[in-house]
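Structure, as structure tokens:
The values are calculated or read from the model by the stated rules, or taken from the named source; none is laboratory data. Given the structure is predicted, the values throughout are model-derived calculations rather than measurements. All Cβ positions, even for glycine, are placed from backbone atoms using ideal geometry, and neighbour counts span all protein chains on display. Remember, those area values only see protein heavy atoms, side chains included, never the ligands or the DNA or RNA. Shrake-Rupley method; radii C 1.70, N 1.55, O 1.52, S 1.80 Å.
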Amino acid sequence: MKKVTINSVAQYAGVSKKTVSRVLNNEPNVSPATREKVLKVFKELDYRPNPIARGLARNKSFIIGCLYDNPSKSYITRVQSGALEACHKHNYNLLIHPCELRGEALIDNIDQLLTTSRLDGLVLTPPFSDSRELIEFLKQKNINYALVASAIQDDDSISVCSNDEQGAFELTEHLIALGHTDIAFIKGHPDHSATENRFNGYKRALEQHQIPLQERLVAEGNFSYHSGADSAKAILDLTPRPSAVFASNDYMAAAVLKLATQRQLRVPEDLSIAGFDNAPIARHIWPGLTTIAQPVEEMTRQAVEQLILQISEPQDTVYQCVLEARLITRESTAANH
């Protein structure tokens, strides 16, 4: 069977090779009717573009890199889901690059990645999206990049985040409205800006309701289940014990729930527990976790899509967006008696 080429598609559709290329790369300046006609020919001829040839022709690799370091597998799965949706839409491939390095070692690692992989752009997730050193390095190298959930205010950077501070404020207010005043808080990883944002929301709600911040009720976690378990032990050993615990993510909250159950504490009658992120575990355990829905997939999808648009055709304005973090109440929180 004769191999189908871009020239075959152009001839069959009755359009120019350039038009087929524009449709293939999801570029503008193609009428909806023409785009639909070319896409139909793609399907009829079972046309599959050769990514290597396509890259050579346009001096691009059509690969977006995604850099991450997060102990939550659920978070990474959601990041990948959003990134892949945008990549598939624009006929790009996604390269996932886990990295635990910091400082000069991180810069060296990314320099090597860029050299060996010929990435067209890089999307940075926390904590890398908060690394000014890495961002400056990418600027110097003239590498296109986008930031997910970054606290850095930079007019030059594509950035998509959610309002974590407001979300934590609303969740803390929810607990206060239920009559809780002794509310413990488990922080996240110190390298993530979300940790401070969520803690600030918690503190703002306490202050607004004239509830003193008790340092004894604040524990240090790192977003992992195990850190949640360690923090839960310290909190539940307190005398008097708090009536509610707000953990900075759902996995740490799940660890609190497990230990509370082991100690024969009834949730939510004896102890209300809340998390953050609305990870799958929040829905799958019992009682279900009250939490804040962080739009991880949508943040990453928008960041990657805007990055690809910037690569295809430099934009006049830099895309920056803050998405809403939404309170979801479930069975793990109730009135304090």
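Table for the structure above
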read-out: Selection within the range 149-162 - out of contact with any Ser or Thr (no Cβ under 8 Å at 6 or more places or on another chain) and either open to solvent by less than 50 Å² (accessible area, probe 1.4 Å) or of a type in the set (Gly, Ala, Ser) (or both); value: Asp154, Ile158, Ser162
read-out: Subset of the range 160-173 [closer than 19 Å to Ile211 by Cβ and either free of Cβ contacts under 8 Å to residues at least 40 places away in the same chain or out of contact with any strand residue (DSSP E or B) (no Cβ under 6 Å at 6 or more places or on another chain) (or both)]; value: Glu165, Gln166, Ala168, Phe169, Thr172, Glu173
read-out: The range 59-109 - residue that is of a type in the set (Val, Ile, Thr) and either closer than 26 Å to Glu313 by Cα or modelled with pLDDT under 90 (or both) and, of those, nearest to the chain's Cα centre (by Cα); value: Val79
read-out: Number of the condition not met by Asp230 [criteria: (1) in the same structural domain as Ile152 (by TED's automatic domain parsing); (2) of a type in the set (D, E, K, R); (3) open to solvent by 40 Å² or more (accessible area, probe 1.4 Å); (4) in a helix (DSSP H, G or I)]; value: (1)
read-out: Scope the range 210-220; condition in a loop (DSSP other than H, G, I, E, B) and either touching a His at 6+ places or on another chain (Cβ under 9 Å) or open to solvent by less than 80 Å² (accessible area, probe 1.4 Å) (or both); matching residues; value: Ile211, Leu213, Gln214
read-out: Any hit, the range 176-195, residues being modelled with pLDDT of 95 or more, under 24 Å from the mean Cα position of the chain (by Cα) and surrounded by fewer than 20 Cβ atoms within 10 Å (Cβ to Cβ); value: no
read-out: Residue that is in a strand (DSSP E or B) and either at pLDDT 95 or above or more than 24 Å from Ala335 (Cβ to Cβ) (or both), where the choices are Phe223, Phe199, Phe246; value: Phe246
read-out: Options Gln315, Gln264; residue that is out of contact with any Lys or Arg (no Cβ under 9 Å at 6 or more places or on another chain), farther than 25 Å from Ile176 by Cβ and not assigned by TED's automatic domain parsing to the domain that holds Thr77; value: Gln264
read-out: Residue count, the range 73-98 (criterion: under 30 Å from Arg283 (Cβ atoms) and either of a type in the set (Val, Ile, Thr) or open to solvent by 10 Å² or more (accessible area, probe 1.4 Å) (or both)); value: 17
read-out: Boolean, Ala146 is open to solvent by less than 60 Å² (accessible area, probe 1.4 Å), aliphatic (A, V, I, L, M), touching a helix residue (DSSP H, G or I) at 6+ places or on another chain (Cβ under 9 Å) and at pLDDT 95 or above; value: yes
read-out: Filtered residues of the range 233-262 (kept if buried (at least 16 other Cβ atoms within 10 Å of the Cβ), free of Cβ contacts under 8 Å to residues at least 60 places away in the same chain and of a type in the set (S, T, N, Q)); value: none
read-out: Hey, Glu165 part of a helix (DSSP H, G or I) and open to solvent by 50 Å² or more (accessible area, probe 1.4 Å) or not; value: no
read-out: Test result for Leu119, surrounded by 18 or more Cβ atoms within 10 Å (Cβ to Cβ), modelled with pLDDT under 95, touching a Ser or Thr at 6+ places or on another chain (Cβ under 9 Å) and more than 21 Å from Ile292 (Cα to Cα); value: yes
read-out: Those residues of the range 250-292 which are of a type in the set (A, V, I, L, M, F, W, C), in contact with a helix residue (DSSP H, G or I) (Cβ under 6 Å, 6 or more places away or on another chain) and in a helix (DSSP H, G or I), in sequence order; value: Met252, Ala254, Ala255, Val256, Leu259, Ile281, Ala282
